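The values are calculated or read from the model by the stated rules, or taken from the named source; none is laboratory data. Every value quoted in this text rests on a predicted model; they were computed, and no experiment measured them. Positions of Cβ are generated from backbone atoms using ideal geometry, with glycine treated the same way; all protein chains shown enter the neighbour counts. These accessible areas exclude ligands, DNA and RNA; they are computed on the full protein's heavy atoms, side chains included. Shrake-Rupley method; radii C 1.70, N 1.55, O 1.52, S 1.80 Å.
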Amino acid sequence: MKLITLTVLPLWAWILSLILQGTFGQSSLKTFSPDLQFDNYTLILKGQRIFLHSGEFHTFRLPVPSLWPDILDKFKAAGFNAISVYVHMGLVNPSPGVMDFDGYRSLSALYEAARLAGLWIYINGETTAGGLPHWVTSQVKSELRTTAADWNAAWTPYIQAIIGQTNQSQISNGGPVIAIQIDNEYDQEEGGPYFAEIEALYRDPSSGIEVPLTHNDPGMLDAFINGTGAVDLYGMDAYPQGLVASNLSIWNPIEMGYHTYHEEANPSQPWYSPEFQSGAFDGWGPDATGYEDWRAVTDADFVSVFYLHTWASNAKLVNYYMLYGGTSWGALPYPYVYTSYDYGAAITEARTLTRKYTELKLQGIFLRSSPEFYKTDWIGTSSSNLTEGAIIPSSPPTSPAFVTLLRNLDTGAGFWIVRQNDSTSLALSSFKLNVTTASNQKLTIPIVASSINLDGRESKVITTDYAFGSRSRTLYSTALIFFSGSIDGIDVLFLYGDSDQEHEVGLNLTGSANRTVQDHTHVQITSDGIPSTTIITVKSGFQGFIPLYESDTQLILFADKDTVSDFWAPTVASDNLTDPFANYWSIGTNETVLVGGPYLVRSAVISGTELALKGDLNATNTEQMPLTVIASSTVKSLTWNGENVSLELTANESMIRTGKLSSTKISIQVPDLEALEWKFNNSLPEVHTNFDDSDWAIANHTTTNIPFPMYYGDGRILYGCDYGFCENVVLWRGHFNASGSEKSVNLSINGGAAFAASVWLNDRFLNTSFGNSTNNANVIEETDEIFDLPTDALLTGQDNVITVVQSEAINDDAKSPRGIRGFQLNTGNFTEWRVQGKVGGYVNYRDKVRGVLNEGGLFGERHGWHLPGFDTSSWASRKLSTGNPSSEAGIGFFVASFNLSMPQGYDIPMSFTFSEPLGQPYRAYMFINGWMMGKRVANLGPQSKFPVHEGILNYHGKNTVAVALWSMTPNATVALQLQLVIDGIFKGGVNVAVNNPSWSSELIEGR
């Protein structure tokens, strides 16, 4: 199907537009396949221009593939038409020669889910440190991200695997993939030849890759636009509020140079932002901001001001990073951040929707409804050469406003994007706007209402000559547009605005009216002043939803902003079962309905006279949910999630029906974790003198490919990755024969920001060496300390052991020297060092479902104590809240089981929460049904709440929670208060599968 037909301008208006174009309106077309092109305006897919409206979603941060459709539904429902995804090389390519696309690493499952949802995919297969497979740390000698032969040999099979997974899922083959990013935020002078090598592999005729290759520049640096390694499509990232939250009360002003930079840097390409800020990561420490604060500083006001400012720069490809952040479970986190990757995103880590999501939905449905906006020229601004209009301040004057005009020169539609001149202002801005219409008519709008208002940090798109449906066009509107289009051959325009402001639209009303607003306190209709134009003014104070005009050709609606926030515009997929793009707006379908009331509308299907809706209801708020449906007059019946719903017409021959959805309120109880029967066992037998470490790896390397030398020692290299142990907990045992003169041992330990390492002499605890990071400041990622050796702990004339238990963060540098960088007794030498991490290391790790980053080298992990089904019946009973025995420093494993019996047909997000105050000296590694879903660092914080999704949790059966408790200081209070809490109750959701392999001998250390 094709885009809706736009109202045709008179011949003289077309001629005027051509005259006005001059240097405007010039298109530079680049073709990749018959299905994919772009020019200096937009992408052109299947012959249709699109505004690429995308959100970032890293599927590996939601390791339950059956939940991916939930996130994709929420993207689509908010008007997004694309997702950007990273592929994590370290998960997909965990060891040399191994490519694993099973489970949550699957690309084919993602591609199919996106296609069914009607979402395009922009794939980032980067190979940088953010997704570095750990084996390259030690097995590649050369500098990474260069043209070095050994690095080329390392990444080539991975890129070939990405190609193999992707080539049949490109748009030209009926799939959703429309672009591939080469690498992330790289310098061209350094990386140009490297980029060229990757591009050559993608462009090899045998690869079958036809989509554009892209890059995201971290700023206005002109990287990879021209020259060696230049990509097909350049993009620039933007994080206007920064990434370090030093003071979230400060709102940075907008960047004024976007449009100028684009015109100078790459005017022949569409203006593209691959990463525009939608939040930020949060750092360690009790003073860290927390994601709710990040969500506040990048809230709906930020979305209004900064995103519309990006539109005003004439950007037509925008990706918001992140739209859903998820969880950095296991060893996924960057060293400076904790388990949660919520990011302050519009969809929370627990998958619930926020006020920011609602603002994005209002923008997204407008974009989907406004094909004229896809091809606009930047005409001018208040501070440049704008001659077609101007801000007219109110009297007395308020905070000054600013306007940018974008115009579609083919149709004459004008998009006047207004904001505060001072984008940080919280004051009221009140003004009128001088505009020039497509017919060269000069107007000052609004005409009846007193002004256009901006309440503080707010932006608006004021429109002139805006087409809606197949044959209607406004003259102007100061009211915002939520939706426009055709429903059942009727031209529909749905306007909205804040209830404390006035709003106005001027348009030609057509058809035989069956409903017009009359004698309404807050609505005024006049036909005086402009020929063939009716002016409808909604006065301040209006609340609710109202049809302003309904005829056999038009339907004009208005709602206040709070009311319109509950409306949805789900696409109705084409009934052409052979069309792979049946659910893609403007390509497979132009059919939609409007639905008001539910928490979420996921899909709409019309079969004959029945409309079948699927979605979610908030099951904590109300007994019955009022429902408004605007659909074809052929629709006579409605189902909601398969249940019949009675509908009533609001007027004769109306498309508007109302009804009520069935009772939804429900109360859910979850187990009291404190009341469970907790079992306990010691998980640090390695400190006992009789512990046998003979099957551990001997740490005897004298050379390393890691470009950071040992500080001191005897020449042996003690970097974990050199022995296959790169993440989570790694244990070291250094043997020496004691003469009795040993007084101390000097150890330099590198573990990354906020790491910790505890040290024992035989079974005597010596001390814990603490790293640090406080809101990304005061960073300590490496320590150098002298540990005193108690004389009575030495075994003179015998073998003695220094045991180091180290939390090892994933690499922040390409080749970080994680491990022991220096070791020296005050006298004498170590005879042997041995090292142990996860069973099998990165080459022969056992748990292929959960993957290489799930677990570490604790004794309990090596023996599968964290897995469901492990037999703890012989263990001692001990409450988690009592901590480890005798207030000793050490590591204990606590395991308990509980059953869940959640009602079918509900989505009930849950979190595990540590409710005790921060400051206790412990770390806890929390496993839910075998998945490491949380690292609680209680001495630093800030994270205390750990969302765990259905699929990891079994909502209809037995669950196992295991906590490895590392007490880092003796004689200190360590009292965990762990609770399971509900984050929301929603009737609806998606079907979720569970894949949590239980304990078996194949998953543990062979002892």
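Computed quantities for the displayed model
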{"quantity": "Label-point separation, D784 to D799 (7 Å along Cα→Cβ), nm", "calculated": "3.2 nm"}
{"quantity": "Residue-normalised accessible area of the stretch 363-510, given per residue in Å² at a 1.4 Å probe", "calculated": "27 Å²"}
{"quantity": "Loop trypsin sites (Lys or Arg not before Pro), the stretch 790-866, which have at most 16 other Cβ atoms in a 10 Å radius of their Cβ (DSSP)", "calculated": "K848"}
{"quantity": "Peptides 682-694, 50-62 ordered by average Cβ neighbours within 10 Å, highest first", "calculated": "50-62, 682-694"}
{"quantity": "Probe 1.4 Å, protein heavy atoms only - accessible area per residue of the stretch 532-618 in square angstrom", "calculated": "32 Å²"}
{"quantity": "Order by protection proxy (mean Cβ within 10 Å, highest first), peptides 954-965, 66-77", "calculated": "66-77, 954-965"}
{"quantity": "Gain on full stretching of the segment that runs from N844 to S383 - 0.36 nm per residue minus C-alpha separation", "calculated": "159.7 nm"}
{"quantity": "Solvent exposure, largest accessible area first (probe 1.4 Å, DNA, RNA and ligands not counted), of E197, E255, E189", "calculated": "E189, E255, E197"}
{"quantity": "Straight-distance crosslink candidates among lysines, where the alpha carbon sits under 17 Å from K561 and sequence neighbours closer than 8 are dropped", "calculated": "K356, K361, K460, K539"}
{"quantity": "Surface share of carbon and sulfur [accessible, 1.4 angstrom probe, percent] for the stretch 908-1007", "calculated": "49 percent"}
{"quantity": "Set of aspartates and glutamates with alpha-carbon distance to K30 below 17 Å, sequence-local pairs under 8 removed", "calculated": "D39, E210, D232"}
{"quantity": "Residue-span extension gain [I530 to D204] - 0.36 nm each, minus C-alpha spacing", "calculated": "111.2 nm"}
{"quantity": "Global size of the stretch 382-431 as Cα Rg and Dmax, reported in angstrom", "calculated": "12.4, 39"}
{"quantity": "Computed FRET value (nearest 0.05) for Y712 with K958, which takes r as the C-beta separation and R₀ as 56 Å", "calculated": "0.65"}
{"quantity": "Answer label, with Cα extents along the principal axes in Å calculated from the coordinates and candidates [x] 125, 72, 58; [y] 107, 62, 60; [z] 123, 95, 62", "calculated": "[y]"}
{"quantity": "Probe 1.4 Å, protein heavy atoms only - accessible area per residue of the stretch 735-855 in square angstrom", "calculated": "32 Å²"}
{"quantity": "Calculated FRET value between Q518 and V994, using beta carbons and R₀ = 56 Å, to 0.05", "calculated": "0.45"}
{"quantity": "Residue-span extension gain [T973 to E189] - 0.36 nm each, minus C-alpha spacing", "calculated": "276.8 nm"}
{"quantity": "Two-decimal log10 I(q)/I(0) for the stretch 639-684, as the Debye equation yields it once each C-alpha is a single scatterer, q = 0.14, 0.28 Å⁻¹", "calculated": "-0.62, -1.06"}
{"quantity": "Sulfur and carbon atoms: percent of accessible area, the stretch 697-759 [1.4 Å]", "calculated": "53 percent"}
{"quantity": "At R0 = 45 Å, FRET efficiency that the Cβ-Cβ distance of N899 and A196 yields, to 0.05", "calculated": "0.20"}
{"quantity": "Helix-derived mean residue ellipticity, 222 nm - over the chain, DSSP H n ≥ 4, -39500 (n - 2.57), to 500", "calculated": "-3500 deg cm²/dmol"}
{"quantity": "19 Å Cα-Cα reach of K442 towards lysines, excluding residues that sit fewer than 8 places from it in its own chain", "calculated": "K432"}
{"quantity": "Computed accessible area, V937, all protein chains, 1.4 angstrom probe, square angstrom", "calculated": "10 Å²"}
{"quantity": "The stretch 595-672, accessible surface, carbon-and-sulfur percent (1.4 angstrom probe)", "calculated": "46 percent"}
